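The values are calculated or read from the model by the stated rules, or taken from the named source; none is laboratory data. All values derive from a computational prediction rather than experimental measurement. With ideal geometry, Cβ positions are generated from the backbone for all residues, glycine too; neighbour counts draw on all protein chains shown.
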Amino acid sequence: MAAIVQDAPHCLIWFGQCPEHIRQLLAADGWSLREQPPELPVSLSLRGHGMVALLFDLCSMATSQLPALLHSLAVSAQLPRLCVLPEGPPSSHRQWVPLSRQCDRVLQGPLQEQQLSDALLSLRGAGLPANPAPLDKLLGQSPAMLLTRTTVRKFAPVELPVLITGQTGTGKELAAHALHQLSPRAQQPMLAINCGAIPAALIQSELFGHERGAFTGALTRRLGLFEHADGGTVFLDEVGDLPADAQTALLRVLQQGTLERVGSHTPVKVNVRVLAATHVELEQAVATGRFRNDLYYRLNVLRLHMPPLAARGNDIALLAGHALEQFRQRHGCRARGFSPACLAAMAHWPWPGNVRELINRIQRAAVTCEHELIQPQDMELAAPGSPDAASEGPLGNARRQAERQALLHCLQEHQFNISAAARAMGLSRVTIYRLCRRHGIERQPATGALDQNA
């Protein structure tokens with residue numbers, strides 16, 4: 001039976017009715033919500049909660065409810081309190097001064113998501129335990145990303161495999177690290193491997209180790225990834241690329257918790273949690289016989305889907321600003337922001353390479369831009385309404401996806417050898433490199449192979 005560790009969640013007692021979009025934000029930030037009718041006495045017997053805070057939403061309340069609210073304040077003097085004032089100048093809020101002056105933070109309505117997040121974060125900094133940092137890298141306030149962060153929090157403490165799906169460049173490895181760092185295994189190692197970047201002849205040795213003399217060149221015993229990660233987590237990126245014999249060995253680890261090194265028949269016990277990621281449809285791989293169905297069901301216990309960047313709305317501008325600021329901190333550059341035309345172009349771009357493509361384009365633009373504001377042409381984006389933008393519709397997107405799949409298929413057939421792939425496609429090496437940049441397929445400095453995942 002899987003062990004579930006019950007982390008004590010933060011609890012926010014909301015006096016009034018919490019809007020739905022704020023509910024999603026609170027869940028993503030690790031807060032449980034309890035709505036409190038203003039006219040009823042508040043109960044503070046909240047066992048199992050790590051911290052409790054109060055929020056008084058005054059935007060929809062009448063001043064006749066003030067005495068009951070002040071009583072709730074009096075019986076919760078030890079807890080941090082926030083209040084949200086209605087819209088309007090300060091002179092229109094005088095009736096709420098007896099309450100607002102007793103609150104740690106006073107927010108102005110209408111309440112904004114980032115405003116509330118910052119306020120709750122400041123309360124934690126004033127003495128409450130801080131939220132774990134791992135989810136900070138999964139930036140975004142779109143409904144899709146709020147749901148993703150909420151799902152990560154739900155899955156992290158559960159000792160079961162997680163299958164992370166999504167297009168290339170969507171942040172699957174970031175999600176895997178967050179799952180590990182929020183889990184009971186956080187103090188143990190997390191080791192990752194790209195199953196598509198290791199030659200088929202070596203993948204078993206990399207994962208499960210080998211004995212001395214197991215094959216030519218095996219001069220000493222070597223422990224594999226699973227033994228090095230014992231007690232912790234193994235992240236198998238592009239698990240759909242595992243060859244058949246490695247799939248069988250992985251199934252044994254998941255079913256029995258044992259492995260056999262190459263060249264040995266002695267089982268070795270290992271205690272690891274397996275996280276796996278893929279950008280291909282494993283269901284289709286199972287249907288065609290390229291992936292074991294029993295292994296698929298063992299991996300697909302909990303499923304986390306990473307949303308494509310094009311479906312994340314205003315997150316694009318948020319991520320762009322964060323990426324530019326990160327680049328400016330490491331390298332001096334003239335660019336300080338994005339023009340309105342560039343922001344509009346980013347919002348309309350289909351982003352086949354997702355977040356990785358966005359970051360690459362911003363870094364390139366930051367180096368070449370001659371102005372303080374990056375323009376669409378600096379990021380090689382078509383401005384909305386231009387002739388080039390018309391080609392970025394459904395037909396253009398389908399054409400790009402077909403080109404990318406053809407390129408990936410050829411690279412995989414030739415073990416990501418650039419010269420061999422160029423000859424097979426009748427293209428120059430320079431063109432192959434350009435296509436790889438266009439579609440967010442990056443070289444791995446350590447191996448010279450190409451990384452086509454996130």
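Just checking, which of 288, 278 is within 21 Å of residue 247 (Cβ to Cβ), of a type in the set (Ser, Thr, Tyr), in the same structural domain as residue 158 (by TED's automatic domain parsing) and touching a strand residue (DSSP E or B) at 6+ places or on another chain (Cβ under 8 Å)?
278
Determine, yes or no, whether residue 259 is crowded, with 18+ Cβ neighbours inside 10 Å, farther than 30 Å from residue 167 by Cα and at pLDDT 90 or above.
When the stated conditions are applied, residue 259 passes them.
For the stretch 72-102, which residues satisfy the criterion of being surrounded by 10 or more Cβ atoms within 10 Å (Cβ to Cβ) and assigned to a loop (DSSP other than H, G, I, E, B)?
75, 76, 79, 80, 86, 87, 88, 102
With the condition kept exactly as written, say whether any residue in the stretch 225-239 is surrounded by fewer than 23 Cβ atoms within 10 Å (Cβ to Cβ), among the aliphatic types (A, V, I, L, M) and either more than 21 Å from residue 257 (Cβ to Cβ) or modelled with pLDDT under 90 (or both).
no
For the stretch 15-28, give me the residue count where each residue is more than 14 Å from residue 143 (Cβ to Cβ) and in contact (Cβ under 8 Å) with a residue 40 or more places away in the chain.
Residues that pass the stated criteria total 3.
Here is a check on your reading of the model: is residue 354 in contact with a Pro (Cβ under 7 Å, 6 or more places away or on another chain), at pLDDT 90 or above and not assigned by TED's automatic domain parsing to the domain that holds residue 172?
Yes: the conditions hold for residue 354.
Go through the stretch 370-389 and give me each residue that's of a type in the set (Asp, Glu), modelled with pLDDT of 90 or more and assigned to a helix (DSSP H, G or I).
378, the sole residue that qualifies.
Can you tell me which residue in the stretch 42-55 is modelled with the highest pLDDT, limited to those that are surrounded by 11 or more Cβ atoms within 10 Å (Cβ to Cβ) and either out of contact with any Leu (no Cβ under 6 Å at 6 or more places or on another chain) or part of a loop (DSSP other than H, G, I, E, B) (or both)?
The extreme case among them is 42.
Read through the list (1) surrounded by fewer than 18 Cβ atoms within 10 Å (Cβ to Cβ); (2) touching a Lys or Arg at 6+ places or on another chain (Cβ under 8 Å); (3) β-branched (Val, Ile, Thr), then give the number of the only condition that residue 165 fails.
Looking at each condition in turn, residue 165 falls short on (1).
Looking only at the stretch 168-190, count every residue that is part of a strand (DSSP E or B) and surrounded by fewer than 18 Cβ atoms within 10 Å (Cβ to Cβ) and tell me the total.
Of the residues in that region, 0 qualify.
Please determine, by comparing only the residues of the stretch 103-119 that are part of a helix (DSSP H, G or I) and either in contact with a His (Cβ under 8 Å, 6 or more places away or on another chain) or of a type in the set (D, E, K, R) (or both), which one is surrounded by the fewest Cβ atoms within 10 Å (Cβ to Cβ).
The selected residue is 118.
Tell me, which residue of the stretch 140-158 that is over 14 Å from residue 311 (Cα atoms) and within 9 Å of the chain's Cα centre (by Cα) is modelled with the lowest pLDDT?
Per the stated criteria, the residue is 149.
Answer yes if at least one residue in the stretch 197-216 is surrounded by fewer than 22 Cβ atoms within 10 Å (Cβ to Cβ), out of contact with any Gly (no Cβ under 9 Å at 6 or more places or on another chain) and on the phi > 0 side of the Ramachandran plot, and no otherwise.
No, the conditions are met nowhere in the stretch 197-216.
Restricted to the stretch 342-356, and to residues that are in a helix (DSSP H, G or I) and within 17 Å of the chain's Cα centre (by Cα), which residue is farthest from residue 439 (Cα to Cα)?
355
Only residues in the stretch 177-199 that are closer than 13 Å to residue 275 by Cα and touching a residue at least 60 places away in the same chain (Cβ under 8 Å) count as the first member; pair them with residues that are assigned to a loop (DSSP other than H, G, I, E, B) and of a type in the set (D, E, K, R), Cβ under 7 angstrom, at least 6 apart or cross-chain, and list the lot.
Within 7 Å, the pairs are 194/238.
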